[in-house]
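**Student:** One structure coming up, written as structure tokens, with questions to follow.
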Amino acid sequence: MADRELLDELIAHIRKLLTLTDDIYERDIYPVSFFSQAYDLTGRIHESLKDIEIAQIALFERQIKEHQAQIFSTTHQGGKRPDATERPPAHAKTPAEEAVAPPPVPQKPVATTAPAERETPTAGVRQEEPANRPQPPAPPAPAAPLNGKIENAGRQTADLKKWLTLNDRFRFSRELFEGNESLMNRTVAELNRLGSYGEGLAYLKSRFAWNFEDGAGAEFLAVVEKCFHK
């Protein structure tokens, strides 16, 4: 079968597959016969492609053999077959070229012996350190903690956020900070930096005119006291 016939057969199978898929394009449910016909057509397409590939390989090999035969016949008609290893004959110099040719440059004799290397008696010799060299003093060992605990010499730190529940934050923000949550966060952060409950109480009284004896102000102050006296 010629290559053109194989190509026409491949195109026919592809067109059948396109027609088959166009018929079901607008459907929601595909018929069962669609799958068997589609598998059969794809198999034929695969076989057609394989036949075209084999035919092309055979055609390529045939063209190579014809080209080699043509080269062989051309070389026999011209006489001796050219040999790639043969070199072209050297060009004979004319008298004019010999006259302008530069004289050969004399080469300097190469010294056969190298000058003796200077010996360095101390090179490569490892100097031993004296055995009685003083050793650096060892670093002092850390002092053992008193009764198994390290005494905290710094100021007391508090974390008021852990003592405020979600309901507390909503209530205090609404009743004490007029809904300004940013102001409440800054106040809590400043209280955390203070060292004692007394400093926290003084800070709150200097900043806010709350009723620290009753209501939300008293409850907020009670949370601060629990945080520092934990």
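Laboratory data are not the source of any read-out in this text; all were calculated from the coordinates shown. Values in this document were obtained by computation on a predicted structure and should not be read as measured data. Counting neighbours? That spans all protein chains shown, and the Cβs are built from the backbone with ideal geometry, glycine included.
**Student:** If you wrap a convex hull around the C-alpha atoms of the range 1-69 and split its volume per residue, what is the figure in Å³?
**Tutor:** 72
**Student:** When the Karplus curve 6.51 cos²θ - 1.76 cosθ + 1.60 is applied with θ = phi - 60°, which whole-Hz ³J(HN,Hα) does each residue of the range 180-197 get, with x for Gly and Pro?
**Tutor:** Working through the residues one at a time gives 8, 5, 5, 5, 5, 5, 5, 5, 4, 5, 5, 5, 5, 7, 7, x, 8, 5 Hz.
**Student:** Return the long-range amide H neighbours of F212 (sequence gap of 5 or more, or a different chain), with a cut-off of under 5 Å between placed amide H atoms.
**Tutor:** Counting only residues 5 or more places away or on other chains, the set is empty.
**Student:** Only sites in a loop by DSSP and with at most 16 other Cβ atoms within 10 Å count here; which GluC sites (Glu not before Pro) in the range 1-83 make the cut?
**Tutor:** For GluC sites (Glu not before Pro) across the range 1-83 that sit outside H, G, I, E and B with at most 16 neighbouring Cβ atoms in 10 Å, the list reads E26.
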